[in-house]
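Engineer: Handing you a structure now.
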Amino acid sequence: MKLIELGEFGLIGRIHSKIARKPGVRIGIGDDAAAVEFSPGCISLITSDMLVEGIHFDLSLCDPRTLGRKSLAVNLSDIAAMGGKPRYFLLSLALPELVSVEFLDCFVTGLLEMADEFDVTLIGGDTCASGGGLTISVTAMGEQLPRKVISRGGARPGDLICVTGTLGDSALGLWLLRNGERTGPAVMKHLDPPPRVREGLALAEAGIPSAMIDVSDGLLADLGHILDLSGTGARLALDRVPLSPSIREHPAGPGEDPYRFPLSGGEDYELIFTAPPVLKEKAVSLLESLGTPVSVIGEITPSTGLQVLAPNGALYRPAVTGFEHFS
Ligand code: ADP
Ligand code: MG
């Protein structure tokens, strides 16, 4: 069998099935970050994300400084999605010999700017030559108390589904970049997404989310992970999905489904969380105090499956659900 038949999640499942459960591993493969207990009473959150030239970025469309920022941001986002406080990170680089030192200096400047913004420290890594393009791998480590760690698996029927910020901007930004645009809010959201670290941590400290995930593969795909791991379903209201002015101006590429980017576009790095309705006001005021908008877009249902309702009440069928490597 070829990898393309197995798919990204098929491969991860295949590896996962060979791993025995160990007591110190509170949350292993399958969440935004692993939650492990090195010593009792404190959970370490660990996550790794790779950015590969030609797959995750195109050097003709991004600059090295924002690439450095994003390389760390996507990892901080996974710690945030667990409700953790990021602390340390490792940086591994596979580099083509002819890359310029100026490029690498700008990359490191951007990376360390992002590290300063969220008070995380680079503690090591690895560097080697690459026969192909540039590959960047960051491993981030954070911490949280055991009872405050938020997994993808805790959503309960009746919980509200909430999302920070707006959705689809990053995918629109990429589409605009490929069509010659170089600036604007959607392009910046794609190149330099702000990780919702303060938001994830504040929500977890306040005990609000029952489940949480960051949007890396698209709303439908990432909400789908919460539903799978929680053993629940959901009903989403299309007209409640938060859209930015950029998305309203350019709903999608010509002739495309207008909800394609907001529902299926990846890399927004917003947080999707579920919470009981009684905690809604608390969540809204907490996030407002951080200057981050939050929208309630639906609710968790006892029966499995994800229903998306159009404003006229009809069932909406998305053309694409989300991003998966090798498919
Ligand atoms: P995210 O989009 O939040 O970064 P992914 O979809 O990349 O998450 O990964 C899903 C889960 O699979 C995570 O728990 C991740 O640690 C795990 N995972 C991914 N690749 C591998 C691998 N090669 N071996 C073991 N676990 C993996
Ligand atoms: Mg994630």
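Engineer: Residue by residue through the range 180-193, which ³J(HN,Hα) values in whole Hz follow from phi under the Karplus form 6.51 cos²θ - 1.76 cosθ + 1.60 (θ = phi - 60°), with glycine and proline marked x?
Structural biologist: So the J values, rounded to whole Hz, are x, 6, 10, 9, x, x, 5, 4, 5, 5, 6, 7, 9, x.
Engineer: Also: Measuring from label point to label point, each 7 Å out along Cα→Cβ, what is the Val108 to Ile19 span in nm?
Structural biologist: 3.2 nm
Engineer: Apply the Karplus curve 6.51 cos²θ - 1.76 cosθ + 1.60, θ = phi - 60°, to the phi angles in the range 299-315 and return the couplings in whole Hz, x for Gly and Pro.
Structural biologist: 9, 7, 10, x, 7, 6, x, 10, 9, 10, 9, 6, x, 7, x, 6, 6
Engineer: Based on DSSP, what percent of beta bridges with both residues in the chain are antiparallel, to the nearest 5?
Structural biologist: On the way: 43 of 57 bridges.
Within the chain, antiparallel bridges account for around 75 percent of the total.
Engineer: Could you tell me what fraction of 2.2 N^0.38 Å the Cα radius of gyration of the range 286-327 comes to, as a two-decimal ratio?
Structural biologist: Working: Rg = 15.3 Å, N = 42, 2.2 N^0.38 = 9.1 Å.
The value comes to 1.68.
Engineer: Collect residues whose amide H, placed 1.01 Å from N in the peptide plane, falls under 5 Å from the amide H of Leu306; neighbours closer than 5 in sequence don't count.
Structural biologist: So Leu306 has HN proximity to Ala234.
Engineer: Please list the helices of the chain that count as membrane-span-like by this rule: a mean Kyte-Doolittle hydropathy of at least -0.5 together with Cα atoms stretching 15 Å or more along the helix axis, each helix being a complete DSSP H run. Each step should come with its number before you reach the end.
Structural biologist: Numbers: long enough: 64-80 (24 Å, -0.03); 101-117 (24 Å, 0.76); 219-230 (16 Å, 1.16).
Within the chain the helices that satisfy the rule are 64-80, 101-117, 219-230.
Engineer: Using θ = phi - 60° and the Karplus form 6.51 cos²θ - 1.76 cosθ + 1.60, what ³J(HN,Hα) does each residue of the range 119-135 get, whole Hz, x for Gly and Pro?
Structural biologist: Once θ is set to phi - 60°, the couplings for the range 119-135 become 6, 10, 10, 6, 10, x, x, 7, 9, 8, 7, 10, x, x, x, 7, 10 Hz.
Engineer: If you average the alpha carbon positions of the range 148-189 and of the range 253-320, how far apart do those two centres end up, in angstrom?
Structural biologist: With the range 148-189 and the range 253-320 each reduced to a Cα centre, they are spaced 10 Å.
Engineer: Next question. Which translational diffusion coefficient, to the nearest whole µm²/s, is obtained for the range 136-209 from the Stokes-Einstein equation, given a Kirkwood hydrodynamic radius over C-alpha pairs, 25 °C and 0.890 mPa s?
Structural biologist: For these conditions, the coefficient is 161 µm²/s.
Engineer: Filter the GluC sites (Glu not before Pro) in the range 223-282 down to the DSSP loop ones having no more than 11 other Cβ atoms within 10 Å, then list what survives. Each step should come with its number before you reach the end.
Structural biologist: Working: sites: Glu249, Glu256, Glu267, Glu270, Glu281; in loops: Glu256, Glu267, Glu270.
Taking the range 223-282 and a limit of 11 other Cβ atoms within 10 Å, no loop GluC sites (Glu not before Pro) are found.
Engineer: Among Gly13, Ala94, Thr301, which residue has its Cα positioned farthest towards the positive end of the charge dipole of the chain, with +1 placed on the Cβ of Lys and Arg, -1 on the Cβ of Asp and Glu, and the dipole taken about the Cα centre?
Structural biologist: Thr301
Engineer: Here is a follow-up. Ranked highest first by the average count of other Cβ atoms within 10 Å around their residues, in what order do 39-49, 143-153, 81-91 fall?
Structural biologist: Working: 39-49: 16.8, 143-153: 18.9, 81-91: 24.9.
The densest-packed peptide leads the list: 81-91, 143-153, 39-49.
Engineer: Treating only the Cβ of Lys, Arg, Asp and Glu as charged (+1, +1, -1, -1), what charge dipole size does the chain show about its Cα centre? Round to the nearest 20 debye.
Structural biologist: Working: 27 positive and 40 negative charges, 217 e Å.
In debye, rounded to 20, the chain gives about 1040.
Engineer: Please sort 4-15, 283-294 by packing, taking for each peptide the average over its residues of neighbouring beta carbons within 10 angstrom, highest first.
Structural biologist: Numbers: 4-15: 12.6, 283-294: 15.2.
Top of the packing list down: 283-294, 4-15.
Engineer: Expressed in nm to one decimal, what extension gain is obtained for the pair Leu61 and Leu290 from 0.36 nm per residue of sequence separation less their Cα-Cα distance? Don't skip to the answer; put the middle values down first.
Structural biologist: Numbers: separation 229, 0.36 × 229 = 82.44 nm, distance 3.12 nm.
So the extension gain works out to 79.3 nm.
Engineer: Sorted by mean Cβ packing within 10 Å, highest first, what order do the peptides 258-266, 101-109 take? Intermediate results must be reported in sequence, preceding the final value.
Structural biologist: Numbers: 258-266: 23.6, 101-109: 14.4.
Ranking, from highest mean packing down: 258-266, 101-109.
Engineer: Hey, another quick one. Using amide H atoms built 1.01 Å from N in the peptide plane, name the residues 5+ places from Leu122, or on other chains, whose amide H lies under 5 Å from its own.
Structural biologist: Phe89
Engineer: Under the Kirkwood approximation for Rh and a Cα-based Rg, what ratio Rg/Rh is obtained for the range 1-46?
Structural biologist: 1.12
Engineer: Is the shape of the range 242-293 best called rounded, prolate or oblate, per the rule: a/c under 1.5 gives rounded, else a/b larger than b/c gives prolate, else oblate, with a ≥ b ≥ c the square roots of the Cα gyration tensor eigenvalues? It would help to have the intermediate numbers written out before the result.
Structural biologist: On the way: a/c = 2.94, a/b = 2.26, b/c = 1.30.
Cα axes put the range 242-293 in the prolate bin.
Engineer: Could you pull out every residue, at least 5 positions away or on a different chain, whose amide H is within less than 5 Å of the one on Glu143? Hs are placed 1.01 Å off N in the peptide plane, and Pro or chain starts have none.
Structural biologist: Leu45, Lys85, Arg87
Engineer: Quick check: residue separation of Ile29 and Ala314 times 0.36 nm, minus the Cα distance between them. What number comes out in nm? List each step's numbers first, then the result.
Structural biologist: Values: separation 285, 0.36 × 285 = 102.60 nm, distance 3.66 nm.
Gain in length upon complete extension: 98.9 nm.
Engineer: Now for a different question. Label point 7 Å out from His325 along Cα-to-Cβ: which residues of the range 54-98 have amide N under 13 Å?
Structural biologist: Counting only backbone N, you get 54-57.
Read the figures in this text as sums done on the coordinates, not as results from a lab. On a predicted model such as this, the values are computed, not experimentally measured, just so you know. Reconstructed Cβ throughout: ideal geometry from the backbone, glycine too, with neighbour counts over all protein chains shown.
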